[in-house]
Amino acid sequence: MPLRLALLTGCLCLSLTLLGLVGTGEAAAPVSVQRWLSSVVAKIEAADRSRAARQQNGRSVAVDVRVRVAEDGSVLAMEVERSSGTRSLDERAIAAIKAAGPFTAPPAQMLLPNGTTELSFPLALPGRR
């Protein structure tokens with residue numbers, strides 16, 4: 001499993017466990033959840049216009065983001081939870097999330113009673129600190 005998906009799955013398993021949707025003994029989130037998370041991250045990364053920079057310098061910087069998604073896949077809110085240390089990269093992360101939305105509808109088991117789901121994950125962006 002790629003590191004990005006492993007991190008997302010780990011974060012999501014913790015969230016689902018806290019919500020009572022996955023038992024504490026479960027090792028992984030349901031496949032539908034993993035696929036949806038992977039598609040969300042891939043869409044955000046594709047929306048980042050600076051992908052060529054990664055190929056040039058091979059470095060990436062993580063920005064920890066939180067995204068709230070509605071049951072129809074629309075992005076309701078986003079924020080930087082932990083900065084990369086570079087304001088322009090943090091702003092680029094938010095811009096990439098905005099450009100990527102809307103997403104496909106999240107799996108039903110991810111929805112909270114208010115009809116939304118919240119994701120918190122590191123987003124790797126090409127660039128230098």
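What follows draws every value from the coordinates through simple rules; no lab data is involved. In this text, all values refer to a predicted model and were calculated from it rather than measured experimentally. Please note: Cβ atoms are built from the backbone with ideal geometry, for glycine as well, and neighbour counts cover all protein chains shown.
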Relative to the compact-globule estimate 2.2 N^0.38 Å (N residues), the Cα gyration radius of the range 65-126 stands at a ratio of 1.15
Starting from 0.36 nm per residue, how many nanometres of slack lie between Thr86 and Val31 once their C-alpha separation is accounted for? 16.3 nm
Total charge of the residues flanking Leu111 in space, meaning their Cβ is under 14 Å from its Cβ, with Lys and Arg +1 and Asp and Glu -1, is -2
Extending each Cα 7 Å along its Cβ direction at Thr116 and Glu79, get the distance between those two points in nm, one decimal. 1.0 nm
